[in-house]
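What follows is calculated from the coordinates using simple rules that are stated; it is not laboratory data. In this text the structure is predicted, and so the values were computed from the model without any measurement. Positions of Cβ are generated from backbone atoms using ideal geometry, with glycine treated the same way; all protein chains shown enter the neighbour counts.
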Amino acid sequence: MFNKILIANRGEIGLRIIRACHELGIKTVAVYSTADELSLHVKFADEAVCIGPPPSTESYLNIPRIIAAGEITNADAIHPGYGFLSESAQFSKICAENNFTFLGPAPGIISAMGNKAQAKETMKTAGVPVVPGGDGVLSGFEDAREKADEMGYPVMLKASAGGGGRGMRLVQDGTEVESAYKSASQEALTAFGNGDIYIEKFIKNPRHIEVQILADVHGNTIHLGERECSIQRRHQKLIEESPSPIVDEAVRDKIGTAAVHAAKTVGYVGAGTIEFLMDKQKNFYFMEMNTRIQVEHPVTEMVTGTDLIKQQIRMYARLKCPKYLQDFKLRGHSIECRINAEDPANNFTPFPAKITSFHMPGGKGVRVDSHAYAGYQIPSQYDSMIGKLIVRAKNRDRAIIRMQHALEETIIEGPKTTIPYHQAIMGNEKFKSGDFDTSFLETFIYNPMD
Ligand code: MV4
């Protein structure tokens with residue numbers, strides 16, 4: 001097992017990783033920017049190293065400074081968390097070259113999954129269902145039109161280096177192909193330094209369902225069920241749950257088996273997520289693989305009774321995947337609400353402010369993952385998430401009720417937050433019925449006066 005882990009991240013996930021290390025008896029090193037000096041991940045780590053000024057490029061994205069912090073503190077592994085350098089093949093490579101165990105996959109796997117057109121081809125060849133479409137990258141807009149004419153409209157053009165909806169265009173007919181192709185390619189080139197585009201059939205109002213997998217170096221690859229992540233706004237998830245209200249045991253078995261097969265195909269090691277689109281007939285299609293721990297991992301932890309960060313660290317310490325996980329039983333239902341310092345009444349404008357009063361809920365089945373506290377100044381340089389509220393109960397109806405009361409008990413003064421917005425969703429009949437898809441928030445009307 002590792003002796004000391006450096007956490008190359010901040011905020012709630014920084015703290016979450018520290019907690020897992022403490023339970024495993026591993027010492028911790030926090031790195032921080034000057035904007036995060038008073039952050040809890042700094043306070044609760046055994047050691048902390050300031051690595052630079054607030055801009056991420058000079059701190060949490062600065063590889064030489066992070067490596068130097070690992071060297072002076074004599075860490076033996078580096079956990080990248082999510083975001084920042086978590087899916088950087090370059091960082092994975094440099095960690096290894098400097099004799100740190102990167103607590104994520106090898107560089108080859110990160111780049112193979114980072115190239116979405118290539119990842120899709122790999123999965124198709126392996127027999128994992130993918131969205132019907134052209135094979136591989138398009139040669140230009142003429143190629144796009146030819147393929148679109150052949151498969152029929154509407155189609156989606158997607159950036160191969162993309163993700164998060166950037167460089168993505170919906171095309172309704174042949175007259176739109178040229179301009180859609182050019183703007184998608186230009187947007188991808190600007191955002192990712194790569195303008196490659198691929199094409200697929202448009203699936204109207206799908207669900208976003210993802211499967212958590214864990215793989216050890218001894219050939220054991222398992223899935224831990226699915227997460228329902230369809231409640232998103234502009235490709236930002238707001239609410240996640242496990243299990244999905246529309247996935248029964250038979251579908252879980254099919255999608256879980258497909259996810260395990262996908263992970264095995266690339267020789268994956270560690271914790272990973274396979275994202276799928278699911279249509280109204282419950283057909284599912286591979287979308288992409290995330291080679292990191294995700295924000296929403298706690299809902300899986302709550303219903304499977306495991307600590308995914310501890311398991312992830314154990315996998316990279318070359319330990320075996322425990323038997324009890326290999327035939328996990330789902331225990332009830334879990335829901336997570338992301339609490340962001342944003343004004344939901346004003347287009348979710350970030351609201352970095354000093355938290356003047358702070359009270360978090362508790363009781364059976366209630367969990368809070370947050371680095372915030374009374375007196376904490378929310379920095380403006382990073383994402384606006386100040387915590388996650390997670391509940392578990394014996395079924396979905398009861399989990400919603402538990403979440404409603406937990407939201408009610410939460411007091412955060414200073415910034416505006418997404419709490420009242422979550423309360424409105426928890427009371428929405430469509431949400432409560434489980435009958436929703438990725439278009440839910442497009443038509444959801446939030447009235448701050450309710
Ligand atoms: C799609 C799609 C419909 N058809 N692909 C959005 C981000 C990205 N990674 C993939 N996305 C989509 N791809 C086809 N062929 C609809 C979406 C989509 C979406 C997917 C997941 C979660 C929320 C979404 C919101 C709008 C569109």
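Odds and ends about this structure:
- Test: residue in the stretch 235-245 that is out of contact with any Cys (no Cβ under 9 Å at 6 or more places or on another chain) and within 11 Å of the ligand (Cβ to nearest atom): yes
- Here the condition is being within 14 Å of the ligand (Cβ to nearest atom) and within 29 Å of SER230 (Cβ to Cβ); of GLY165, GLY136, GLY104, GLY127, it holds for GLY165 alone.
- Index of the failed condition, LYS204 passing every other in (1) in a strand (DSSP E or B); (2) within 11 Å of the ligand (Cβ to nearest atom); (3) among the charged types (D, E, K, R): (1)
- Each residue in the stretch 92-105 was checked for being buried (at least 19 other Cβ atoms within 10 Å of the Cβ) and either over 19 Å from the mean Cα position of the chain (by Cα) or among the basic types (Lys, Arg) (or both), and 3 of them qualify.
- The listed residue being aromatic (Phe, Trp, Tyr), within 16 Å of the ligand (Cβ to nearest atom) and within 30 Å of PRO53 (Cβ to Cβ), out of PHE348, PHE436: PHE348
- In this structure, TYR153 does not satisfy being over 22 Å from the mean Cα position of the chain (by Cα), surrounded by 22 or more Cβ atoms within 10 Å (Cβ to Cβ) and either touching a residue at least 40 places away in the same chain (Cβ under 8 Å) or more than 10 Å from the ligand (Cβ to nearest atom) (or both).
- Flag if GLN311 is in contact (Cβ under 8 Å) with a residue 40 or more places away in the chain, closer than 27 Å to GLU23 by Cα and crowded, with 18+ Cβ neighbours inside 10 Å: yes
- Of the strands (runs of 3 or more DSSP E) contained entirely in the stretch 219-292, those carrying at least 3 residues that are over 17 Å from ARG338 (Cβ atoms) fall at 221-233, 270-278, 284-290.
- Contact map, the stretch 268-288: residues that are over 28 Å from PRO80 (Cα atoms) paired with residues that are away from the ligand (no atom under 14 Å from the Cβ) and in a strand (DSSP E or B), Cβ distance under 9 Å, separation 6+ or inter-chain. No pairs are found.
- Sub-9 Å Cβ pairs linking a first residue in the stretch 439-450 that is in contact (Cβ under 8 Å) with a residue 12 or more places away in the chain to a second residue that is among the basic types (Lys, Arg) and part of a loop (DSSP other than H, G, I, E, B), at least 6 apart or interchain, are SER439/LYS204; LEU441/ARG234, ordered by first then second residue.
- Residues that are over 22 Å from the mean Cα position of the chain (by Cα), more than 26 Å from ASP450 (Cα to Cα), in contact (Cβ under 8 Å) with a residue 40 or more places away in the chain and assigned to a helix (DSSP H, G or I) within the stretch 318-352 comprise just one, GLN326.
- Residue in the stretch 279-292 that is more than 16 Å from the ligand (Cβ to nearest atom) and not hydroxyl-bearing (Ser, Thr, Tyr) present: no
- One residue stands out in the stretch 223-257 among those that are buried (at least 20 other Cβ atoms within 10 Å of the Cβ) and closer than 19 Å to CYS321 by Cα: the one that is farthest from the chain's Cα centre (by Cα), namely GLY256.
- Extreme residue, nearest to PHE284 (Cα to Cα), among residues of the stretch 134-147 that are without any contact (Cβ under 8 Å) to a residue 40 or more places away in the chain and surrounded by fewer than 18 Cβ atoms within 10 Å (Cβ to Cβ): ASP135
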